[in-house]
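Before any comments, here is the structure.
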Amino acid sequence: MQMRYSKPLAAGCALAIALGAAACGSSSSSSSSSGGSSGGTLNGAGSTFQAPLVGEWAKRFKESNGVTVNYDPIGSGGGIAQFSAGTVDFGGTDAAMKPDELATAQKKGAPLHIPIALGAVTVSYNVSGVKTGLKLDGATIANIFLGKVTKWNDPAIAGQNAGVTLPATSITVCHRSDESGTTKNFTAFLVDYSKAWASGPGSDKSVQWPTGTGAKGNDGVAGCVKQTQGAVGYVEQAFALQNNFTTADVKNKAGNYVAPSLAATSAAGTGVTPPPDLRFATINADGAQTYPITAVTFELTWQDPCKAGLSKTVAANLKGWFDYVLGTGQSIAPQLQYAALPPEIKTKAQAKVDSMTCNGAAISASS
Amino acid sequence: MSALALPPTSARRRRADRVARGLVALLTLVALVPLVLIVYYLLKQGLSSIGLDFWTTDPTGSFLGSPGGIKSAILGTIVMVGLATAVAVPVGVGVAIWLVELGRASRFAHAVRYFIDVMTGVPSIVFGLFVYITLVLAGVGGSSFAAWKGSVALGLLMLPIVTRSAEVVLLLVPDTLREAAYALGAPRWRVIARVVLPTALPGIVTGVLLAIARAAGETAPLLFTAAVVNDTTFNVNNRMNSLPALIFQNVGQAQDRLVQMAWGAALTLVAMVLVLTLLARMIQRRSRLS
Amino acid sequence: MEAGTITPAGGRSSESLQRSPAARLPDRLLRWGLTALAGGVIALIGYFFVKLIVESEPIFQKVGFLDFLFTSDWVPSKGLYGAVPLLAGTLITSAIALVLGVPVAVAAALYITELCPRRIRSPLTVLVELLAAVPSVVYGLWGFFFLIPKLGPAERWFADTFSFVPFVGGSVTGPNYFVAGLILAIMILPITSAISREVIATVPSEHKEAALALGATRWEMIRMAVIPYARGGIAGGAMLGLGRAIGETIAVTLVIGNAPTVGHSLFQQGYTLAAVIANEFGEAASDPTHRAALIAAGLVLFVLTLVVNAIARAFVLRAERGQRAARTPAAGMAA
């Protein structure tokens, strides 16, 4: 009787042992490949808008400082919520906290908004035959997302794009299904140019979309646009570039149609004076060559992380991370087409970081 | 014996018979089509990504460079499922033994059986939600998301499966075996340990393997509890990657390389689960009891 | 181990089988230990249920049980938690799964047990059961990249041609109720088919032979002898499949579009109770009301599966009882 099941059992055991050996074998080689995993871990979550940038920063930060930064791209709403609940060490959001969100966070400690970069919210589309940037103004974009403009060759679009052959394809709107700072910034722009949008869906991290398909994260919307012929969606510049999307030239306050270039994104930050708590937005900024849908993206941390329940090591690592983000990180940002912070804003942000304490005492950043 | 001359079956009835049987055969074929399509698609999309490099490199999380491999996901799945198994199997088999050997038909046993049945039907996401509120948000163990909490959720999922299948197999052990042992003066624990369990072992192993296969493929509980990270870690009080979570994270991504990674991970996961399932069936077939 | 090769307890002579209290200790420990284990499991499940109810308290206090279930606006950012779109989505996709999946599962079960050549019976069984081995996230992956694009044009044609049928005409979105229901139908095939197969296999051969002896064709025999007998068990299998479909999260959330509205047609987006929990738990971490609403959704889901599984068990039990009753007189007659 032992013979009947012993063979498959033996096979199973051999498999398990082999897997275990492989695991042990490869694990010993992994810790030597990185710059040393002895430095600790930081856990962050939030905005998908900044996820490409944070991912790149995390990789280089680990190489230079030895601290692993895990970032979970769950959307700005999730970032704010997880940060306030204390399940992550820092949060990422493109929408500054609302008063009620601030109140919730203040139960734990004093939250800090640290702006980290500026990025363009592109209006990307996938229309065969249209390979150049269409000129679109705020009212038309609003009407597209309201479902009032349903075909690409609609007069509203054709009127601004003389000389471009537009097909009769139906427009499929791709929008966010999760709470998103990108949505907040995009809808803030629409509210400025469309009364129907202002009185209808309005501007928030999550709105009731009159039409279209929902997807999770900037990456999901990018996927939606890529998969559907005739689709249009709002995604951060890095995603548009990665997927070779055609992006619209959007009409700004000064009346010029501007493409979402790095220069145009940076221009949106110049001349902006943020309030003392650094909760601000750069939508529809002044300037002749400003890209009107430029968003500031933030990271949330505590003014006193230790009082908020985090350990001393985490507090030190947080300070080190933010020093990196506002220092070397700023020179890396343009490589991913994010605009670095304007000098005045960067100084104010650094001042906030310098003011971080651990139970009242100054934090020495781990290097 | 008089020859009963039945009237010949009418052509209409014969036609109806052929049509009905054809329809049933056709529907059976339809039942097989999805499996063929899924396997085909998995191989078509996933084969190009998999390889030793793919399995032994961590995901980089880098937007620009190479997306890396799935090492942390494979190891994470093994660790978390392993931990869940280490807890769920002794408890599950223990409860099954109690039900069959000690509780039998008592009212308490009925209650236990009913509760286990109820547990079988609970959707995995509700288990994940439960662990989320009781362990993650409460910060039990000094951490928020942690691999061991993921194992708790998986263990809750596996427990009723292991108990149920173990109970079925234990019930199949002939009473004559037990009675002979008792008649020879063996104490109960000896009878269980030396007679009942060895006889039922293949069936129990089958049940355990099937439960493992099920737990390895579950995503929902892990989203709430272990979160997703890129690096390989064996610290169960930290977040840990897992194959289903990695796949889930990368579906819907626009970047082709990330989608490729998802397909490769899916192929790896399905291969692991298939091996476990087929192993379980092989053991079951060779068992004396089924 | 063969019976009869067991050594008597403690190796003592088998003259006296009376055991000393000390020797009885291991047995006592075993009894206490295992009973405690079983009790512990009950306590855990009880705690689980109680915790869900307690944690969902805030939303029922705020909104009221009936209001939660029957309002149709689910807008967490505005503090509105009406579960109608979620319930509708869960029920619609499960209904589609039943309508598409049960006939195929039963047909496969019938074919395997009654109609197919003996040689391919075993491989065919294994193939159908392999569907159960595919993880739900892989179903979602496949549905997202293969089903949705491939079915789009067909759905478009169907909606246009049959637009007079209610809930069919109108716009078609990529992810929609139908694709979700189709994937669920595939996922419930193995379980419904397995149970149907078991039940069909227990039909007494006397019934079948009697039908055939009366001149019935193969199909007529199935219709007269097999299906009526197996009806209850098949219904039970269908209910178990339904329970699975109701609780499925990951595959559904990847192909249903996650829109908190009730679509006008089968080919529009929707949401389900399970999908909303998976999607919004991250955003609800610091909002007690939102969290309570999600837990309430989980509770509703739990109760639904409980009810469905109870019905399934009742069906299967009744079928078993009927089988036992039917078997005795037949056995008596055959003797």
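Residues in the range B:41-75 that are among the polar types (S, T, N, Q) and within 22 Å of the chain's Cα centre (by Cα): B:S72 only. Being closer than 15 Å to C:L301 by Cβ, more than 17 Å from the chain's Cα centre (by Cα) and touching a residue at least 40 places away in the same chain (Cβ under 8 Å) is a description that does not apply to C:A108.
Filtering the range C:227-253 to residues that are crowded, with 20+ Cβ neighbours inside 10 Å and among the hydrophobic types (A, V, I, L, M, F, W, C) leaves C:A230, C:I234, C:A235, C:A238, C:M239, C:L240, C:L242, C:A245, C:I246, C:I250, C:A251, C:V252.
State which residue is nearest to B:E167 (Cα to Cα) when the search covers only the range B:207-231 and only residues that are β-branched (V, I, T) and buried (at least 24 other Cβ atoms within 10 Å of the Cβ).
The extreme case among them is B:I212.
I'd like the full set of residues that are assigned to a loop (DSSP other than H, G, I, E, B) and in contact (Cβ under 8 Å) with a residue 40 or more places away in the chain, limited to the range A:244-260. Give the steps one after another, and end with the answer.
Kept after step one, since they are assigned to a loop (DSSP other than H, G, I, E, B), are these residues of the range A:244-260: A:244-245, A:248, A:252-256, A:259-260.
Result: A:F245, A:A248, A:N252, A:A259, A:P260.
Checked against the criterion of being in contact (Cβ under 8 Å) with a residue 24 or more places away in the chain and of a type in the set (G, A, S), the candidates C:G152, C:G181 yield just one match: C:G181. The set of residues in the range A:281-294 that are part of a loop (DSSP other than H, G, I, E, B) and crowded, with 16+ Cβ neighbours inside 10 Å comprises A:A281, A:T282, A:N284, A:A285, A:G287, A:T290, A:Y291, A:P292.
Check every one of the helices (runs of 4 or more DSSP H) wholly within the range C:155-247 and list those with 2 or more residues that are modelled with pLDDT of 90 or more and among the polar types (S, T, N, Q). Reasoning before the result, please.
Details: elements: C:177-201, C:205-213, C:218-221, C:227-247.
Per the criteria, C:177-201.
Can you tell me which residue among C:L86, C:L130, C:L151 is part of a helix (DSSP H, G or I), modelled with pLDDT of 90 or more and within 24 Å of B:A31 (Cα to Cα)?
On inspection, the qualifying residue turns out to be C:L151.
Checked across the range A:60-82, the condition of being farther than 27 Å from B:G68 by Cα, part of a helix (DSSP H, G or I), polar (S, T, N, Q) and in contact (Cβ under 8 Å) with a residue 12 or more places away in the chain holds for at least one residue. All conditions in (1) on the phi > 0 side of the Ramachandran plot; (2) modelled with pLDDT of 90 or more hold for B:R164, with the sole exception of (1). In the range B:241-258, which residue that is modelled with pLDDT under 90 and of a type outside the set (G, A, S) is surrounded by the most Cβ atoms within 10 Å (Cβ to Cβ)? Ranking the candidates gives B:V251 first. Take the conditions (1) of a type outside the set (V, I, T); (2) surrounded by 24 or more Cβ atoms within 10 Å (Cβ to Cβ); (3) in contact (Cβ under 8 Å) with a residue 24 or more places away in the chain; (4) assigned to a loop (DSSP other than H, G, I, E, B); C:S265 misses just one of them, which is (2).
Per-residue answers, yes or no, for (1) more than 12 Å from chain C (Cβ to nearest Cβ); (2) without any contact (Cβ under 8 Å) to a residue 12 or more places away in the chain:
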| position | (1), (2) |
| --- | --- |
| B:A211 | yes, no |
| B:N238 | yes, no |
| B:P244 | no, no |
| B:Q249 | no, no |
| B:D256 | no, yes |
| B:V275 | no, yes |
| B:A280 | no, no |
| B:R286 | yes, no |
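Just name the residue that is farthest from the other protein chains (Cβ to nearest Cβ) out of those in the range A:84-125 that are of a type in the set (S, T, N, Q) and touching a Gly at 6+ places or on another chain (Cβ under 7 Å). Of everything passing the filter in the range A:84-125, A:T93 is farthest from the other protein chains (Cβ to nearest Cβ).
The values are calculated or read from the model by the stated rules, or taken from the named source; none is laboratory data. Not measured: the values here are computed from a predicted model. Glycine gets a Cβ as well: all are built from the backbone with ideal geometry, and neighbour counts include every protein chain shown.
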